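Below is one structure, written out as structure tokens, with a few remarks after it.
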Amino acid sequence: MLAAAVTIVAVVVASLLMVLPAGRAREKTKPRKPVPPGSFGLPFIGQTFRFLRALRTNTGEEWLHRQTSTYGPVSRLSLFGCPTAMLAGASGNKFIFASSAVINKKPESMARMIGRRTIRDVEREDHRRIRAIMVQFLRPDACKRYVASFDDEVQRHLDAEWHGRGIVAVMPSMKDLTFDLMCTVIFALGRDGGGNAFRKELSMEFRQMVKGITAVPLNLPFTSFSKCLAASQRGRRMVSGVIQERRAKLEQAQSSPTDDVITQMIAEGLPEEEIIDNVMLLMIAAHDTSASLLTFLIRHLDANRDAYDKVVQEQEEIARCKVPGEALTWEDLGRMRQTIDYIEFGGYRIPKGWQALQTTTTTQWDPTIFPDPGRFEPARFENPSAIPPYCFIPFGVGPHICPGNEVARVETLVTMHYIVTRFRWRLAAGCDGSYTRSPHLSPSQGLLIDLEPIVQGRKA
Ligand code: HEM
């Protein structure tokens, strides 16, 4: 039950991605197709403000629906000063995620914060090489090694931030927690010998840097962007320090490449700048996504008390088999889971240099595919083969499919186990669970919940 609920909520997290078609030489023999129907709106501004307003007011789905019902599944518009093709539906999802005709291009502000040589920026052999390094540390058998430290981190976080409190803001709390969990996975960082201080300082720089990703890229004194850029540079220096320390250990045969992803990248001969870029990218890819997943899982379970009760029952059964203080194991998690010129698409020609706006929500909110799509119903994902291809893809599909999906699953299962077995919760009075996308999912007041501690599997 919990595992199925994790899947359903992952969808909310991964929607509205921007990618850019790669150039591909046009076969001269083919007749020229028209560009997609639609309008570019006002020069430069296009539909940008309307799009951002729809995200902010959480009416993005309606906005997308209007666009598709007016122009069909392939249409043109202009976003962020760039001509854009919007592709809706399962074939649009397939085309964007699985086709080699489409490459990712980060907005300039993101490239300046994270770097330009991440796994998202390289193609073909270079991409396969970086991906193979990461996957070694993210695939299911590698995740076994994280369960005990995730267990320790989650309990430590709940003791410090939830225990003894009547009310908690879930989103900020989950951001802190997932940052710590990712320090375990990406830096193999413990808590002793400066580990605590490193996490605290890096988390401060990282928080500031993330704001820069959506800031106007104007590097002038006193702009928000320049402050974020400075934080990114300080963060990069900290990662560089870790690389130097790991390199020294490797050279002195005090470590092995299989110890952690950074040491493996050093052993593979990746230049330092490229390692730093990829570490920054991993932190971005892993952190806010998982924090949103956990927050929205709590929100949905609050609104659906039947599902909540089933999850509590399932998790309490597991808790009853443990002696006090015994950590969760990989097997326990198993018991929780029974559960370059132009391109052509849909009869249209999408010129080189246009963006493609992909919207997995158009299939995930399609009532002909998922009846009553707004209803929180984890059971509908219990039989994945019943879901039409490319209609439900929270972790993407194709060559860039999320390699961290198992890590996200493990951290979510461990965290939810303790949240449901140690506390009862309800949305706090005055918190209605509403949220915006600005552009990241952002629940109002961080999703305030009232907490009631449970003693030994029973209500206190
Ligand atoms: C709820 C959590 C998560 C969600 C919903 C999510 C979603 C996604 C999606 C949809 C993509 C594919 C993007 C595309 O094809 O354009 C992706 C890529 C990626 N994700 Fe995740 N992710 C999550 C957690 C994580 C975690 C925990 C990690 C690492 C520890 C991670 C690392 C990555 C990386 C490195 C890529 C790029 C892969 C490549 O380009 O080959 N993600 N993620």
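Taken together, the values in this text are just the output of simple stated rules run on the coordinates, not laboratory data. Because the structure is a prediction, the values reported are computed rather than measured. A quick note on method: Cβ atoms are made from the backbone with ideal geometry, for glycine too, and the neighbour counts reach across all protein chains shown.
General observations
- Average silhouette area of the chain, convex hull of alpha-carbon atoms, in square nanometres: 23.8 nm²
- Near L448, the amide H atoms lying under 5 Å from its own belong to V170, A428; only residues 5 or more places off or on other chains count, and H is placed 1.01 Å from N.
- The helix-only estimate of mean residue ellipticity at 222 nm for the chain, built from DSSP H runs of length n ≥ 4 each weighted as -39500 (n - 2.57), is -16000 deg cm²/dmol after division by the residue total.
- For P373, neighbours were defined as the other residues whose beta-carbon sits under 10 Å from its Cβ, and their charges (Lys and Arg +1, Asp and Glu -1) total -2.
- Cβ-based net charge around R112, under 12 Å, with every Lys or Arg adding one and every Asp or Glu removing one: +1
- In nm, spacing of pseudo-spin labels at Q445 and S91 (7 Å Cα→C-beta vector): 4.7 nm
- Rounded to the nearest 20 debye, the dipole size of the chain about its Cα centre is 1560 debye, using +1 on the Cβ of Lys and Arg and -1 on the Cβ of Asp and Glu.
- Rg(Cα)/(2.2 N^0.38 Å) for the stretch 120-192, N = residue count: 1.43
- The simple spin-label model puts a point 7 Å past each Cα toward its Cβ; for E452 and K144 those points are separated by 4.1 nm.
- Along the axis of the charge dipole computed for the stretch 239-288 (Cβ charges of +1 for Lys and Arg, -1 for Asp and Glu, origin at the Cα centre), the listed residues V279, A267, S256 are led at the positive end by S256.
- Summarising the overall dimensions of the stretch 110-237 from its C-alpha atoms, the Rg and Dmax are 17.3, 53 angstrom.
- Between I45 and W330, full extension at 0.36 nm per residue minus the direct alpha carbon distance yields a gain of 97.5 nm.
- Think of the chain as having a plus end and a minus end, set by charges on the Cβ of Lys, Arg, Asp and Glu; of A98, F137, S39, S39 sits farthest toward the positive end of this dipole.
- Dipole of the chain, positive direction: furthest Cα of A197, Y418, G398, with charges on the beta-carbon: G398
- For the stretch 74-158, the percent of C-alpha pairs falling in each 10 Å distance bin, counted from 0 to the bin holding the largest distance, reads 13, 26, 31, 22, 9.
- Label-to-label distance for R128 and R156 is 4.0 nm, based on points extended 7 Å past Cα in the beta-carbon direction.
- Order by protection proxy (mean Cβ within 10 Å, highest first), peptides 70-77, 278-285: 278-285, 70-77
- Order by protection proxy (mean Cβ within 10 Å, highest first), peptides 123-129, 445-451: 445-451, 123-129
- Applying 0.36 nm per residue to the separation of L220 and R234 and subtracting their alpha-carbon distance, the gain on full extension is 3.3 nm.
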